[in-house]
1. Considering (1) within 16 Å of the ligand (Cβ to nearest atom); (2) closer than 16 Å to SER8 by Cβ; (3) in contact with a helix residue (DSSP H, G or I) (Cβ under 8 Å, 6 or more places away or on another chain); (4) open to solvent by 10 Å² or more (accessible area, probe 1.4 Å), say which one VAL99 fails and leave the rest.
2. Does SER68 qualify as being open to solvent by 30 Å² or more (accessible area, probe 1.4 Å) and assigned to a loop (DSSP other than H, G, I, E, B)?
3. Against the conditions (1) surrounded by 21 or more Cβ atoms within 10 Å (Cβ to Cβ); (2) at positive phi, where does GLY273 fall short? Just the number, please.
4. Evaluate region 20-31: report whether one residue or more is open to solvent by less than 10 Å² (accessible area, probe 1.4 Å), among the hydrophobic types (A, V, I, L, M, F, W, C), assigned to a helix (DSSP H, G or I) and within 16 Å of the ligand (Cβ to nearest atom).
5. Which condition number does ASN81 fail, the rest of (1) surrounded by fewer than 17 Cβ atoms within 10 Å (Cβ to Cβ); (2) more than 11 Å from the ligand (Cβ to nearest atom); (3) closer than 21 Å to LEU122 by Cβ being met?
6. Between residues in region 102-113 that are in contact (Cβ under 8 Å) with a residue 24 or more places away in the chain and residues that are open to solvent by 90 Å² or more (accessible area, probe 1.4 Å), which pairs lie under 8 Å by C-beta distance while being six or more apart or on different chains?
7. Can ALA209 be described as modelled with pLDDT of 95 or more and open to solvent by 20 Å² or more (accessible area, probe 1.4 Å)?
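The values are calculated or read from the model by the stated rules, or taken from the named source; none is laboratory data. Since the model is a prediction, treat every value here as computed from it, not as a measurement. Note that each Cβ is placed from the backbone with ideal geometry, even for glycine, and that neighbours are counted across all protein chains shown. Accessible surface is based on the protein model in full, side chains and every heavy atom, while ligands, DNA and RNA are left aside. Shrake-Rupley method; radii C 1.70, N 1.55, O 1.52, S 1.80 Å.
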Amino acid sequence: MQSELCGSVTSGGSESILLAMKTYRDMAEAERGVKNPEMVAPVTAHAAFDKAAQYFKIKLRKVPVDSSFRADLNAVKKAINSNTVVVIGSAPAFPHGVVDPIEEMSELARAKKIPFHTDACLGGFILPFARKLGYKVPKFDFNLPGVTSISVDTHKYGYAAKGTSVILYRNAKIRHHQFFTVTNWPGGMYFSPTFAGSRPGGLSAAAWAALVSIGEKGYLEAARRILETADFIKKEIVKIPELKLLGDALYVIAFASDSLDIYKVMEHMTHKGYSLNGLHRPACVHIALTLRHAEPGVKERFIEDLKAAVLHVKANPSEKGSSAPIYGMAATLPVRSVVGDILKTYMDAYYKV
Ligand SMILES: Cc1ncc(COP(=O)(O)O)c(C=O)c1O
């Protein structure tokens, strides 16, 4: 099996995901005559799947996650139908760092002869090493017979320069549907494997150099340092009575609060120079740990600053903050198209500067 594995180098996680979704749409039309393609993905799957759905006119059936933030298997089963071109799971998902039940999900897909994509953009260079280090890591890769493709980002925990990822397929028969050709263009016979036309070979070379210079030993050591840092931070967050951890994540740590406005805590941390991600549904923030956080003294300082932020928010309940109310409002506005328009207007303004 392993020798049949193949793929393409792409410009990033989003391109790897977009290419896989286009591939499955075209494959389902060619092989099964599917004219109204649908994808099935948990609500926690990365926004790049929404992007693929919008760009390629694939209906995205989103399924809920359970209380541990893993895809709800019953909902996955119900969402699969004769128009489904692919089922998706994350290893782990960006919001709460939790790995979906990929084994069970990919078996549901396989039973219906439907492809399954594992999004390991965030986990591809950590999870295999975490397993070697003795951490409990659920199955997520090609060892599962139902998994037909995996996206893995070299430019995240592969430590390559920004601008590379890989999309891997179980075999070249699937990848075939990724390719683009034009045969009647006056410019000549045209073919292209990925979205870009011309693209920088230097980035692929730099990614390769990162892989071979860091090597298995280097990735193992990097994972060990990140995971030990994560263990410390999780243990300390649990001790802060106002905060609670969400899900049993390894190194992307999401936390929320039942008694405080978590976005105010985030804002306070921003003033101290941290750049935590604000998430919603439910309201929480996360920190994605990297080697930076594994430097001596950083994790201890983070916890001290977090405790101080919590105490500040608790002691000043009437303090409104500046970004916290915007976060809160944007997360709860019922008309989502309005929020979408606001974001597009923000980008208009950004390009004007
Ligand atoms: C799980 C997951 N998938 C996909 C992506 C998209 O990757 P990129 O930002 O490289 O396009 C990310 C980015 O954070 C991610 O965390």
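1. (2)
2. On the way: open to solvent by 30 Å² or more (accessible area, probe 1.4 Å): yes; assigned to a loop (DSSP other than H, G, I, E, B): yes.
Taking the combined requirement at face value, the residue satisfies it.
3. Against the list (1) surrounded by 21 or more Cβ atoms within 10 Å (Cβ to Cβ); (2) at positive phi, GLY273 comes up short only on (1).
4. yes
5. Condition (3) is where ASN81 drops out.
6. Partner pairs satisfying both residue conditions: ILE102/LYS139; GLU103/LYS139; LEU108/LYS77.
7. Working: modelled with pLDDT of 95 or more: yes; open to solvent by 20 Å² or more (accessible area, probe 1.4 Å): yes.
Spelling it out, ALA209 is indeed modelled with pLDDT of 95 or more and open to solvent by 20 Å² or more (accessible area, probe 1.4 Å).
Yes/no per residue for (1) modelled with pLDDT of 95 or more; (2) out of contact with any His (no Cβ under 8 Å at 6 or more places or on another chain); (3) small (Gly, Ala, Ser):
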{"residue": "ILE17", "(1), (2), (3)": "yes, no, no"}
{"residue": "ASP26", "(1), (2), (3)": "yes, no, no"}
{"residue": "ASN36", "(1), (2), (3)": "yes, yes, no"}
{"residue": "ARG61", "(1), (2), (3)": "yes, yes, no"}
{"residue": "ASP72", "(1), (2), (3)": "yes, yes, no"}
{"residue": "ALA75", "(1), (2), (3)": "yes, yes, yes"}
{"residue": "ALA79", "(1), (2), (3)": "yes, yes, yes"}
